[in-house]
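Here is the structure we will look at.
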Amino acid sequence: MKTIFAVFGDPIEHSMSPAMHNAAFTDMGMDCEYHAFRVGQDSLRDALIGAKAMGFGGVNLTVPLKEKALSIVDADPLAAKIGAVNTVYFKDGMRGYNTDGIGAKRALDNAGVDIANTRVLILGAGGAARAIGFQFANDGANITIANRTEKRSHDLARDISSVGTAQGTGLTNLKGLIAQADILVNATPVGMHPNTDQTIATADSMHPDLTVFDIVYNPLETRLLKETKIAGATAVNGVMMLVYQGAEAFRIWNNVEPPINIMKDAVLEALGIQKS
Ligand code: NAP
C-alpha cells in the first residue's frame, strides 16, 4: 500500500512541495505519494492526529501553521528556539523539526560559500529570517538583523544571542551595513512576483566581495540579484534553499538522501523555468 505524505497550509494551491517530493519518490522507485491539503489553524490538531492515525509518512507545514504547531507536536530544540515547525514525523508520537535554516545553509554550501566566521546581514525579521538567523549563528556567523519595523530586529537578535552573536537595527543605514557585511540575505518578500521591479538594495551599495543570497525564488533572478551582478558580487538565488529544506524533510522521514537535482528540476518545471 502506498505511503502518503502531505503539506498542510492555507493558501496551499501554489506549493512546490508535491512536485518536488513526488519527483524524488518516482526517481527512487518508492511506493509513496505527496499531496497538498488546505488546513487552517483551527483544524491543524485534528489534521495531524488524522494523518498519524492514517499512517502518513510525514507532513510539511507552511503558512499559517508553522508557529501554531509548536503547541501540538514535540518540537526538537532548534525548532523550539526558532519558534516554528515545518516538518512533522510521526514515529514515536509527533516530532516537529524546522528545516528552513539547514536548507539555507546547504544552499550557500552548494554555491561554495562558507558561513563560519562571516558577517551576515539579514534583511527581515519574519519566519524565514528567524530560521536562517538561528542556523547561521549556530554555524559561527556574526548576525545583524535589519528590519523595517526596528523593534522586531532587536527582539530577534536577542533571541538569536542565546546560540551566537547577533545585533538588531533598522533599514535606514543600509549602505553602511552592507559595507560591513560578507553575506547579505534578503528574507523579505521585496522583489517577489508580481513586484519584480522592486529591490531592497542597489549595485551602488554593494562591494565585489559580497555574497547576496535572495531567498525569493519567483522570479529566479530577482532585481536584487541583477543589481548584485552589476556590482560584480556573488549572487545566490532562493531555489536551492527550497530544494534543500525539502530534501532535509525527506531525509528525516525516510532516512535516505533524496536526488537533489531531480527535486530541483521538478521545482524549476513547476515554476515554468527551463530545467538545468
Ligand atoms: P514574513 O514572516 O511575513 O516576514 C516578512 C519580513 O519582510 C518582515 O520582517 C517584514 O518587515 C519584511 N518586509 C515585508 N515587506 C517589506 C518591505 N516592503 N520593505 C522592507 N521589509 C519588508 O515572511 P517569511 O515567511 O519570513 O518569508 C519572507 C520571504 O522569503 C518570502 O518572499 C518567502 O516567499 C521567502 N521564503 C523563501 C524560502 C525558500 O525556501 N527559498 C523559504 C521561506 C520563505 P516588518 O516586520 O516590518 O513587517
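The values are calculated or read from the model by the stated rules, or taken from the named source; none is laboratory data. Remember, predicted model here, so these are calculated numbers, not experimental data. Positions of Cβ are backbone-derived with ideal geometry, glycine not excepted, and every protein chain shown enters the neighbour counts. Accessible surface areas use protein heavy atoms only, side chains included; no ligands, DNA or RNA. Shrake-Rupley method; radii C 1.70, N 1.55, O 1.52, S 1.80 Å.
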**Prompt:** Looking at (1) buried (at least 18 other Cβ atoms within 10 Å of the Cβ); (2) in the same structural domain as ASN60 (by TED's automatic domain parsing); (3) among the polar types (S, T, N, Q), which is the only condition ASN261 fails?
**Reply:** (1)
**Request:** Mind listing whichever residues of the stretch 103-127 are more than 11 Å from the ligand (Cβ to nearest atom), hydrophobic (A, V, I, L, M, F, W, C) and either in contact with a Phe, Trp or Tyr (Cβ under 7 Å, 6 or more places away or on another chain) or open to solvent by 40 Å² or more (accessible area, probe 1.4 Å) (or both)?
**Result:** LEU108, ALA111, ILE115, ALA116, VAL120
**Asked** Any chance the stretch 9-16 includes a residue that's farther than 25 Å from ALA137 by Cα, away from the ligand (no atom under 16 Å from the Cβ) and open to solvent by 70 Å² or more (accessible area, probe 1.4 Å)?
**Response** no
**Request:** Would you check which residues across the stretch 221-237 are more than 17 Å from ALA187 (Cβ to Cβ) and either surrounded by fewer than 19 Cβ atoms within 10 Å (Cβ to Cβ) or within 20 Å of the chain's Cα centre (by Cα) (or both) and list them?
**Result:** GLU221, LYS226, LYS229, ILE230, GLY232, THR234
**Asked** What number of residues within the stretch 32-66 are assigned to a loop (DSSP other than H, G, I, E, B), buried (at least 16 other Cβ atoms within 10 Å of the Cβ) and within 16 Å of the ligand (Cβ to nearest atom)?
**Response** 3
**Asked** Taking the condition among the hydrophobic types (A, V, I, L, M, F, W, C), modelled with pLDDT of 95 or more and under 23 Å from HIS14 (Cβ atoms), does LEU220 pass?
**Response** no
**Message:** Looking at the stretch 243-270 only, could you name the residues that are within 15 Å of the ligand (Cβ to nearest atom) and among the β-branched types (Val, Ile, Thr)?
**Reply:** VAL243, ILE260, VAL267
**Prompt:** Which of the residues that make up the stretch 128-138 are more than 13 Å from the ligand (Cβ to nearest atom) and either surrounded by fewer than 21 Cβ atoms within 10 Å (Cβ to Cβ) or closer than 16 Å to ASN237 by Cβ (or both)?
**Reply:** ASN138
**Count - residues of the stretch 69-102 that are of a type outside the set (Asp, Glu) and within 14 Å of the ligand (Cβ to nearest atom)** = 10
**Request:** Check ASP214, ASP209, ASP204 and return the single one that is surrounded by 22 or more Cβ atoms within 10 Å (Cβ to Cβ) and either farther than 21 Å from ASP100 by Cβ or charged (D, E, K, R) (or both).
**Result:** ASP214
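Just checking, which of MET206, MET192 is closer than 21 Å to THR144 by Cα and either hydrophobic (A, V, I, L, M, F, W, C) or in contact with a helix residue (DSSP H, G or I) (Cβ under 6 Å, 6 or more places away or on another chain) (or both)?
From the options MET206, MET192, the qualifying one is MET206.
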